[in-house]
Amino acid sequence: MVWQSYDKLNNIILDEPMAEHLSQYLENKESQLSAQIIEIILLLEGFPAVKQSYSPSFFRLSEAVEEFGRKINNAAHSHKTLKKDRWKIAGRKVNRALWSYIEVLEGCVTELYQHIDQMGFEQWNVDVIRAITSIKDELTHRMDDLIWAIRRLEQQLKAYRKICEEAVSRWIGINKLFFAFSRILDRQLEPIARKCSKFLNFRYRKFIERYTGYLQLYETGKQSISKLHHFKVLSSMDISQQDKVKELSYLLNLWETNSKARVLQRIEPVRALRSCLTFEGATVLFKDYFFYIKEALFDKSRLIKTQDVIGDHDSKLILMDHLTSYRNELDALKELIGSYNKFHQQTDPGAKPWYERIFTDKPRKELPKQFYELKKLNNEIKNLETIAQNFQTSLEGVPGTESGLSIQVQNEVNRHLHEMGQPLASRDLMRRSAKSLLQSLDGLNELSSLNTHVVDFICRALCKAMCVDWKYHVLQEIPLFHKVYEIHEGISDISMERAHVNRLHKFQRIINHLEVWIRNEETLKHAQGIDLDINDIKAYLQDFLAYVQRLQPSLDDVESEFERPLGKASQALLQYLYLFGCFFSRLNPDDAEHRMIRKQLLFIDQYFEAIDRRIQELNNPNLS
């Protein structure tokens with residue numbers, strides 16, 4: 001049998017057209033069986049074939065059986081000479097035709113439930129249930145007709161046998177005694193048909209029980225994701241990403257509920273979750289969602305710096321409502337990541353604890369790197385939650401337009417930078433001065449400040465601090481530094497600058513190469529590759545230095561602080577400094593190989609110092 005309704009994955013679709021197609025198929029098979037039954041008796045009695053006198057599609061099984069009986073009655077009243085073994089030939093042909101029809105029905109029943117088992121519960125709906133019920137009723141009806149036809153044909157064939165035996169046999173009494181305990185049709189026909197019918201209805205009842213339990217889980221799962229429909233950042237994402245987040249949240253909730261209720265088989269929600277998204281795909285989706293929330297949050301910070309939002313009561317309420325929504329989304333994303341991580345820890349064999357693996361023969365697998373990426377992302381979410389909470393708390397009052405950027409604060413920051421830049425400054429002195437500097441910068445409250453000059457001031461201060469920290473890189477060891485940098489980078493987003501993005505990606509690739517070679521102790525083996533990478537770094541830094549040297553000081557204040565070419569150059573320099581600073585801080589000064597690499601890359605500090613000096617000259621043209 002071949003069913004013709006397929007989806008894009010070449011799986012059969014159980015729907016109403018599918019049920020109608022199956023009904024036509026079974027009707028055709030029943031008509032063929034009916035025609036075969038009629039032809040058997042017609043050909044044996046010398047009548048014309050059924051195709052000459054009837055249309056095969058016209059017959060139903062019940063009509064054919066009754067017609068078969070009438071032909072036998074006609075043969076009994078005719079005066080033709082009947083052969084003794086003619087009833088045996090008729091019985092064999094009827095047997096063969098009935099077995100062929102039973103095989104078709106059995107195949108349909110087996111195939112139906114195979115497709116139901118292969119179809120995930122996430123594809124269940126009212127149309128599918130209606131189609132399955134329709135197919136079950138169709139098969140049940142035909143099974144009942146077949147059982148009736150088997151019994152009726154047995155009686156008619158016995159009557160035909162009696163006619164044939166009476167016409168030619170002399171031992172009528174003995175034959176009657178023998179025939180009373182014998183059957184013409186196969187004894188297994190009716191039991192097989194009944195067994196198939198019971199199996200059909202039993203599996204259908206089990207399926208309906210599963211579906212009823214699934215409906216309860218479905219309602220619980222839908223209620224759990226109802227809050228997602230009101231999230232502002234999620235609504236701004238692509239439709240496909242929105243659907244994946246909602247589907248993943250729904251399936252995770254259903255998996256957790258089913259682990260307690262056990263309505264569905266344990267493997268079904270696991271299979272649905274794994275087919276929804278791969279571990280890698282889910283990790284990318286979570287990162288994208290987090291990126292959108294982060295961008296939306298820092299976009300509000302840029303908004304209050306360029307527009308008078310805080311002064312208007314209604315605008316401020318809308319802003320506070322958005323910030324509350326962002327915090328709720330961060331909390332929901334953290335919960336979603338936690339549930340997804342829990343799912344893999346309980347279903348991935350490599351993630352099981354040692355006391356569960358010790359009793360198995362399977363070797364221990366390394367955890368997928370996505371486990372560590374999700375853990376890192378979870379920490380980033382917590383940090384952003386803290387930033388968002390502080391931002392909202394700061395905006396509950398009205399911050400001043402200067403937001404703490406007084407002459408006293410500027411002098412204090414410059415004093416700390418001067419102490420860090422002393423030629424013979426020790427590591428401890430550098431660290432103390434760096435902590436004091438970061439506390440002063442953090443006190444400016446860059447995120448909720450209404451003054452755009454705060455952004456530029458912090459950028460220049462961080463660039464200067466990282467330039468003078470080229471020897472010890474103590475800034476990378478202070479958590480407050482990363483917090484201040486993260487807030488500043490989020491506010492002054494320059495990710496749309498193509499030349500900057502190309503340089504950043506190139507630097508990141510080179511650093512990845514160097515870290516792999518250093519970790520594997522293969523720097524001598526890849527000496528030529530390191531030289532090529534050094535040449536590439538020089539070329540990109542020289543290009544950036546040339547770009548900065550061609551810039552001119554901006555004397556007008558009409559242009560936005562975020563759109564000034566000089567401001568964008570400062571932000572780009574800050575990101576390069578941060579990237580290479582993190583790399584240099586991971587080099588061990590006590591290791592000879594690490595010291596060699598650091599010595600080869602000293603030219604980077606010289607380029608950064610030259611670029612920073614040029615930017616300071618452009619920012620203060622009167623002092624040059």
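Only the coordinates and a few stated rules stand behind these numbers; no lab work does. As the structure is a computational prediction, the values presented were derived from the model and not from experiment. Backbone-built Cβ (ideal geometry, glycine too); neighbour counts: all protein chains shown.
Per-residue counts of other Cβ atoms within 10 Å, averaged by peptide: what ranking do you get for 289-301, 586-598, 106-118, highest first? Spell out each step's value before the answer.
On the way: 289-301: 19.5, 586-598: 13.3, 106-118: 15.7.
My ranking of the peptides, most packed first, is 289-301, 106-118, 586-598.
In the structure displayed, which of Lys222/Lys246; Lys88/Lys158; Lys29/Lys136; Lys305/Lys464; Lys376/Lys568 lie more than 19 Å apart, Cα to Cα?
Working: Lys222/Lys246 9 Å; Lys88/Lys158 10 Å; Lys29/Lys136 17 Å; Lys305/Lys464 24 Å; Lys376/Lys568 29 Å.
The pairs that break the limit, which is 19 Å between Cα atoms, are Lys305/Lys464; Lys376/Lys568.
With θ set to phi - 60° and the Karplus curve 6.51 cos²θ - 1.76 cosθ + 1.60, what are the ³J(HN,Hα) couplings of region 145-154 in order, to the nearest whole Hz, using x for Gly and Pro?
5, 5, 4, 4, 5, 4, 5, 5, 5, 4
Go through region 117-123 residue by residue and turn each phi into a ³J(HN,Hα) via Karplus (6.51, -1.76, 1.60, θ = phi - 60°); whole Hz please, and just put x for glycine and proline.
Running phi through 6.51 cos²θ - 1.76 cosθ + 1.60 with θ = phi - 60° gives 5, 6, 7, x, 5, 5, 9 Hz.
Residue by residue, what Karplus-based ³J(HN,Hα) values in Hz, rounded to whole numbers, does region 22-39 have, using 6.51, -1.76 and 1.60 with θ = phi - 60° and x for Gly and Pro?
5, 4, 5, 4, 5, 5, 5, 5, 5, 5, 5, 4, 4, 5, 5, 5, 5, 5
What is the spin-label model distance, in nm, from Glu477 to Arg194 if the labels are put 7 Å beyond Cα along the C-beta direction?
Using points 7 Å along Cα→Cβ, the separation is 8.7 nm.
Please give the contour-minus-distance gain from Lys206 to Glu295: 0.36 nm per residue of separation, less the Cα-Cα distance, rounded to one decimal in nm.
On the way: separation 89, 0.36 × 89 = 32.04 nm, distance 4.97 nm.
Additional length available on full extension: 27.1 nm.
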